[in-house]
Each structure stands twice: as structure tokens, then as C-alpha cells.
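Asker: Let me give you the structure first, and then I'll get to my questions.
The values are calculated or read from the model by the stated rules, or taken from the named source; none is laboratory data. Predicted, not measured: the structure shown is a model, and the values here were computed from it. A quick note on method: Cβ atoms are made from the backbone with ideal geometry, for glycine too, and the neighbour counts reach across all protein chains shown. Each accessible area value is taken on the protein alone, full model and side chains, heavy atoms only, with ligands, DNA and RNA left out. Shrake-Rupley method; radii C 1.70, N 1.55, O 1.52, S 1.80 Å.
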Amino acid sequence: RTKYPRCVDGARACPPEDCGGSGGYEHLLEVMHDPTHKDYNELLEWLGEGYETEAFNPKHVRFDNPRKRWEAAFSDY
């Protein structure tokens, strides 16, 4: 039996905590794809070993319970 919702596709690893929002994540991607960038070594040290910007596995995606999300969103109506 299939449980829904399901993630069947995606791209890239999720942004690391405290990377500066979507703009910070875009900067991180730009820097990590250019080893000659002046911020490369600093970001590499901050990220630590093992962070791969292009890594994505849909089996690792976890969803909140949709019924609980619905109830939380509409319980006051």
C-alpha cells in the first residue's frame, strides 16, 4: 500500500542550517562550484566533510502528517 504524500523527484541537498536563507544558499552553491572563489575554503570548513550540494535522495524526504497540518491551519475556522 502506498502512503501519500510521496516525494518522487528533487534536486540538490537542502540548505544547511543558518546559511542565510535562499540568497545565502544560492551564494553557497555558487562558491562551492568554484574552488577558486575567495570564500571557498571558509565555506568548506563551515560545511564540514560530507556535504554534497547536488546530493538528493527522495527516500530521505519526510513529510509532516497532512491531517495534522490541515487541522493546525484551519482549526480556528
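Asker: Residues that are more than 17 Å from the chain's Cα centre (by Cα): find the helices (runs of 4 or more DSSP H) completely inside the chain holding 2 or more of those.
Answerer: Helices (runs of 4 or more DSSP H) meeting the threshold: 40-47, 66-74.
Asker: Could you list, in sequence order, the residues of region 60-77 that are touching a residue at least 24 places away in the same chain (Cβ under 8 Å) and loosely packed, with under 11 Cβ neighbours inside 10 Å?
Answerer: Matches in region 60-77: PRO66 only.
Asker: When only residues in region 20-58 that are in contact (Cβ under 8 Å) with a residue 40 or more places away in the chain and open to solvent by 50 Å² or more (accessible area, probe 1.4 Å) count, which is nearest to LYS3 (Cα to Cα)?
Answerer: Ranking the candidates gives PHE56 first.
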